[in-house]
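The values are calculated or read from the model by the stated rules, or taken from the named source; none is laboratory data. Being a predicted model, the structure only gives us computed values, none of them experimental. Cβ atoms come from the backbone with ideal geometry, glycine included; neighbour counts cover every protein chain shown.
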Amino acid sequence: MVKRVSWTVVVPVLAVVALAATWGDHLGPVLIALEAALLIGAVLAAVHHAEVVAHQVGEPFGSLLLAAAVTVIEVALILALMASGGNEAATLARDTVFAAVMITMNGIAGVSLLLGSRRYGVTLFNAQGSGAALATLTTLATLSLVLPTFTTSHGGREFSPGQLTFAAVASLGLYLLFVFTQTVRHRDFFLPVAQKGQKRLLGDESHAEPPGTGAALRSLGLLLVALVAVVGLAEQESPAIEHLVSAAGFPQSFVGVVIASLVLLPETLAAARAARQGRIQTSLNLAYGSSLASIGLTIPAIALAEIWLKGPLLLGLGATQMVLFALTVVISVLTVVPGRATRLQGELHLVVLAAFVFLALVP
């Protein structure tokens, strides 16, 4: 009997082959569409293999691995578009990182709370772990995205080279401190909490067989292949993404929303699945962990890339963005502090996300 080969194995390989065959060529509409499909498939496959490896290493290491994989994809897309965009891409890093923050804090968290509360009534999670993540995330976002609007060394919401270096080092340092807290010092704060009426957690890693060392190593190899494909295809597809946004009549800043939505789609699906199984803490780990990685790893990478990238790097948020961020933080604090939430909190987060998307289209 012939064993069927999974699409998660085939797609990354096809993506790398397509990348090698077309690298440096001028792509027509058909090839652009084909590579766009392979890019999306490679993103989904990358996160699938990250989940397999994550299951082997356990929670919360699994959430960290997923966040790291997604951040590599995000940075690749940002750098590809910045390299080809010149001065027009000056706000791309800010727009993408802020979109990731809004999608994770409002979209992923909101969907998770809504799905969980629909099944269990009141969702339960660890307020200490989620609160620590939220506090770190708020600090990171303020240092990297809010302060540039008010500094005076450089005009136009831009850090001076010294300020950018400080922000990059502080972002990476805070992220590493959080990772140490999550995985070593207070790991129990980030483990799933059983919902009311649950005898055990559905889909809990303690009751499911790990994939085994061989399968985990195979997924690790395929994860690397998929990430290579994503980075290369992102470079190939970057002009087409910008052209489509312009052709639709949307502001250029909406490119950041497109990038963040693409790379966070798999994590959204993973968080929704965990929420339906009653693992709300895992969903919040994915939501806040993705934002933390997006800022804590992306800002240092972009700061380093500024050595060879031309053009300004505008990180400071505009007035509308700061209002939405402040509203998101306030709602998130009121959601997390009690350690339990209802459908109302999930719906509030989703309304704020809808406002963000609408105002990104109609500034």
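What the table shows:
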read-out: Count - residues of segment 136-171 that are among the small types (Gly, Ala, Ser), more than 23 Å from residue 323 (Cβ to Cβ) and either touching an Asp or Glu at 6+ places or on another chain (Cβ under 6 Å) or not in a helix (DSSP H, G or I) (or both); value: 2
read-out: Criterion (of a type outside the set (Phe, Trp, Tyr) and in contact with a Leu (Cβ under 7 Å, 6 or more places away or on another chain)) met by exactly one of 307, 331; value: 331
read-out: Matching entry among 149, 136 (being under 23 Å from residue 338 (Cα atoms) and either crowded, with 20+ Cβ neighbours inside 10 Å or β-branched (Val, Ile, Thr) (or both)); value: 136
read-out: Test result for residue 110, modelled with pLDDT under 70 and not in a loop (DSSP other than H, G, I, E, B); value: no
read-out: Residue in segment 265-284 that is over 29 Å from residue 121 (Cα atoms) and surrounded by 24 or more Cβ atoms within 10 Å (Cβ to Cβ) present; value: no
read-out: Test: residue in segment 328-343 that is at pLDDT below 85 and either within 20 Å of the chain's Cα centre (by Cα) or crowded, with 17+ Cβ neighbours inside 10 Å (or both); value: no
read-out: Residue tally, condition touching a residue at least 60 places away in the same chain (Cβ under 8 Å), under 12 Å from residue 45 (Cβ atoms) and among the aliphatic types (A, V, I, L, M), over segment 212-227; value: 5
read-out: Matching residues, segment 34-53, being among the β-branched types (Val, Ile, Thr) and either surrounded by fewer than 21 Cβ atoms within 10 Å (Cβ to Cβ) or more than 20 Å from residue 74 (Cβ to Cβ) (or both); value: 40, 52
read-out: Residue list for segment 152-165, restricted to those being surrounded by fewer than 16 Cβ atoms within 10 Å (Cβ to Cβ) and either of a type in the set (Gly, Ala, Ser) or closer than 13 Å to residue 302 by Cα (or both); value: 153, 155, 156, 160, 161, 162, 165
read-out: Elements of type helices (runs of 4 or more DSSP H) in segment 259-363, at least 2 residues being under 26 Å from residue 238 (Cβ atoms) and either among the aromatic types (Phe, Trp, Tyr) or in contact (Cβ under 8 Å) with a residue 40 or more places away in the chain (or both); value: 280-305, 343-361
read-out: Residues of segment 10-33 satisfying the condition of being surrounded by 15 or more Cβ atoms within 10 Å (Cβ to Cβ), farther than 11 Å from residue 232 by Cα and modelled with pLDDT of 85 or more; value: 11, 12, 13, 14
read-out: Options 180, 125: the member that is over 19 Å from residue 71 (Cβ atoms) and among the hydrophobic types (A, V, I, L, M, F, W, C); value: 125
read-out: Lone qualifier among 127, 93 - being of a type outside the set (Phe, Trp, Tyr), out of contact with any Ser or Thr (no Cβ under 6 Å at 6 or more places or on another chain) and under 24 Å from residue 342 (Cα atoms); value: 127
read-out: Total residues in segment 224-282, condition under 19 Å from residue 101 (Cβ atoms) and of a type in the set (Val, Ile, Thr); value: 6
